[in-house]
Amino acid sequence: DKSDKYDSRDVERLQQDDKWVEDYLIWRHDVVDDTLKMIDESFQWRKEYTVNDLSESVLPKWLFEIGALFLHGYDKEGYKLFWFKVKHHTRDPKQQLDKKKLVAFWLEHYAKRDHGKPLTVVFDMAETGISHIDLDFVRFIVNCFTDYYPNFLTKIVIFEMPWIMNAAFKIVKGWLGPEAVSMLKFTNKSDVQEYISAEYLPPHMGGTDSFKYSYPPLVDDDFQTPLCENGPITSEDEHESKEEMDADTKETGELNEAQNLNQKKMNSIEQISKSEETDKTEVKPKNAKKALTTFKGPLLHISPAEELYFGSKETGEKKCLIVLTNVTKNVVAFKVRTTAPEKYRVKPSNSSCEPGTSLDIVVSLHGGFAASLQDRFLIMAAEMDQSSGAGAPELTQFWKEVPRTKVMEHRLRCHVIESSKPSSLTLKDNAFNIPAKTNEDLHIQLTHLLQINKRLEEQMNRCLWFQQLSVVLSLLSVTVAAFCFYLANAQRS
């Protein structure tokens, strides 16, 4: 009703972002009136707290320095952890508004960066007492997840809540509602690892995470850089060791040999049926790289869009493919980082892509490691001037000088598949042998066969039903005919 009721940027996003609308609907169980009410309240709150304009520069620096709120690590389901170190919080009405804006800042920062992926909230209540209880602040946090950020909460892990706070949390449960209450997980040192693995738990919670909060910069995913093709190196200008170079040469030779073998096999296939042979001649090697999803960025299109699918130890799939497509008129430099550089080899990890061309990046596990849901990859890209070279020295200098505002960033999660059904670009060791049918093709065919089988089963059931009905009607007809015959004979006699 009022043009100044909401921030125009939120209204514009609502009209363009179907995912955002869907999240509101899901959170309100597809009840349209409830969804509209939530959007109205959420948008008014966003304008009141100037959420779209919150940044480090508009908030007091000391709020970031104390480390009461930050994002770090992942739970066992791969969801980001949002930490509330309750011992660092004290009640102070003068600071309350700034602290609430800090919560909004972190939530909005994460929502924009990871496209609204859900969070797991951790209330670390170790070493806390009655002086740290602030129900107004807790209610604000609860409202952020229940009323303002739809479909954003997976669970709330509460660690070592003091018994003196039981009464306060009974009040909090009343605010949450039955569904949100089911998300509460009260834990201590003995059972917290049911939800969060030791690698992302600090020692006082029974974990092995050596992370120490400090500011600046903002705590992020801790992507390691630079990452060379055989693992981490210590500086941008350091060259690979002879051993790494030999490994590269050997692996390149293996790939070339595999391609040669593949060519020979393609030339020697004679016992395949004509239809299958036609399929093979139509399917080019490039088609094997086609992803099911694509992220369309301003500089690069990236396939897959969100997740890299690795196999478990049983399936043995240890390679994935990332396809970058340059959609600009200039050369685009790119760099790949990961949160687990000791696990992965990335080839190439720091290079450039010519205008209008596509480039393949092979990500492979090595050293007997297994992929984890907590592992992340970050692809950074920036447009280069036509006059700039694209060699290693030029790229090193370019990344030192390019402004942060001109760098495109896109994150990919890892996903471990237990079956042979891939949902993205998965390369097996024999990827260059071009199998007659990919796992995805087999899955589609199997699904199609199951549907046909289901239809046949339904037809058979209908036939049996008609058969049974026919038998019953036949018996009734015979019975009626016999009765009529009996009556006719009775009348004659």
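Figures for the structure shown
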| quantity | calculated |
| --- | --- |
| Residues of region 75-97 satisfying the condition of being assigned to a helix (DSSP H, G or I) and in contact with a helix residue (DSSP H, G or I) (Cβ under 6 Å, 6 or more places away or on another chain) | V86, H88 |
| Residue that is nearest to D34 (Cα to Cα), among those in region 144-156 that are out of contact with any helix residue (DSSP H, G or I) (no Cβ under 7 Å at 6 or more places or on another chain) and touching a residue at least 40 places away in the same chain (Cβ under 8 Å) | T154 |
| Condition met for D75 (touching a strand residue (DSSP E or B) at 6+ places or on another chain (Cβ under 9 Å), modelled with pLDDT under 90 and not hydroxyl-bearing (S, T, Y)) | yes |
| Tally of residues being hydroxyl-bearing (S, T, Y) and open to solvent by 100 Å² or more (accessible area, probe 1.4 Å) across region 441-493 | 2 |
| The one condition in (1) outside any loop (DSSP other than H, G, I, E, B); (2) touching a Lys or Arg at 6+ places or on another chain (Cβ under 9 Å); (3) at pLDDT below 90; (4) on the phi < 0 side of the Ramachandran plot that Q44 fails to fulfil | (3) |
| From Y200, Y149, Y215, residue being in contact with a strand residue (DSSP E or B) (Cβ under 9 Å, 6 or more places away or on another chain), assigned by the TED database to the domain that holds H88 and farther than 17 Å from D75 by Cβ | Y149 |
| Index of the failed condition, H72 passing every other in (1) over 28 Å from H415 (Cβ atoms); (2) open to solvent by 10 Å² or more (accessible area, probe 1.4 Å) | (1) |
| Strands (runs of 3 or more DSSP E) contained entirely in region 294-383, each with at least 2 residues that are in contact with a Lys or Arg (Cβ under 7 Å, 6 or more places away or on another chain) and surrounded by fewer than 22 Cβ atoms within 10 Å (Cβ to Cβ) | 319-326, 358-365, 376-383 |
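Per-residue answers, yes or no, for (1) open to solvent by less than 10 Å² (accessible area, probe 1.4 Å); (2) in contact with a Pro (Cβ under 8 Å, 6 or more places away or on another chain); (3) under 30 Å from K19 (Cβ atoms):
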| residue | (1), (2), (3) |
| --- | --- |
| P93 | no, no, no |
| L119 | yes, no, yes |
| F123 | no, no, yes |
| T128 | no, yes, no |
| V138 | no, no, yes |
| I141 | yes, no, yes |
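The values are calculated or read from the model by the stated rules, or taken from the named source; none is laboratory data. For clarity, every value in this text was computed on a predicted model and none was experimentally measured. Cβ sites come from the backbone with ideal geometry, for glycine too, and all protein chains shown count toward neighbours. We work out accessible area using only protein heavy atoms, side chains counted, and drop any ligands, DNA or RNA first. Shrake-Rupley method; radii C 1.70, N 1.55, O 1.52, S 1.80 Å.
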